[in-house]
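Computed from the coordinates by the stated procedures, all read-outs in this text should not be read as laboratory data. In this text, all values refer to a predicted model and were calculated from it rather than measured experimentally. Virtual Cβ from ideal backbone geometry, glycine too; neighbours counted across all protein chains shown.
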């Protein structure tokens with residue numbers, strides 16, 4: 001019987017070749033996986049991908065267009081109620097999804113509005129009285145000093161701002177009104193009722209701004225606003 005003399009060396013070298021083949025196959029697989037991961041990271045970091053991700057984060061779910069719009073927002077100020085009155089030629093109400101929340105925003109076009117910035121009282125000796133965060137009357141001093149006085153003995157006053165704007169956006173989530181192309185007039189008036197004809201009065205200030213944000217609600221936001229490229233004119237007897 002013939003025997004395969006080189007059987008041992010044959011199987012030895014065959015096992016080495018098979019081992020090398022497996023090694024190179026695994027190596028090639030690892031390189032392909034790493035390259036694919038690097039390519040995916042590169043794609044995700046591209047500006048186009050970033051814009052797509054942002055669109056996914058902030059998606060508009062629905063919108064409604066309205067015409068000849070009039071809107072009034074009431075804000076509690078102690079037992080009193082301030083108002084923000086807006087009229088516009090048209091508006092768009094949008095429901096926007098921004099993970100993980102949904103919010104409602106309304107954009108007004110060709111806008112006129114009145115913002116009651118502050119309601120307060122004046123005593124007979126000229127001291128100003130406001131409602132503090134606890135809803136109690138206090139002198140406008142720092143810190144606020146509470147008083148016990150009948151409001152019928154106090155003279156009601158208000159500070160309000162009339163404005164026009166090319167466009168204004170109201171965010172129902174943050175209670176902010178952001179307007180662009182703004183002209184505004186600030187007044188000090190008697191009473192707490194809305195003044196129907198502000199232009200019959202002398203304003204404290206007259207101004208304009210490219211953009212302006214009114215902080216509509218919240219006791220700490222009374223009479224607060226921010227503006228970009230703001231220009232102001234003061235009347236001799238007035239102040240901001």
For this session: Starting from the Kirkwood radius over alpha-carbon pairs of the stretch 60-234, derive D by Stokes-Einstein at 25 °C in a medium of 0.890 mPa s and give it in µm² s⁻¹.
Result: 141
Exercise. If packing is taken as the mean number of other Cβ atoms within 10 Å per residue, what is the order of 189-198, 144-153, 204-213, 110-119, highest first?
Worked result: 110-119, 204-213, 189-198, 144-153
Problem set entry | Surface/4 estimate of mean projected area, convex hull on alpha-carbon atoms of the stretch 102-181, nm² | 7.6
For this session: State, to one decimal in nm, how far the label point of residue 89 lies from the label point of residue 128, with both points 7 Å from Cα in the Cβ direction.
Result: 3.7
Exercise. Exposure proxy check: 81, 94 ranked by fewest other beta carbons within 10 Å?
Worked result: 81, 94
Problem set entry | Residues residue 234 and residue 145, FRET efficiency given R0 of 35 Å [Cβ-Cβ distance, rounded to 0.05] | 0.75
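Just subtract the alpha-carbon distance of residue 70 and residue 136 from 0.36 nm times their residue separation and send over the number in nm, one decimal.
This chain segment gains 20.5 nm when fully extended.
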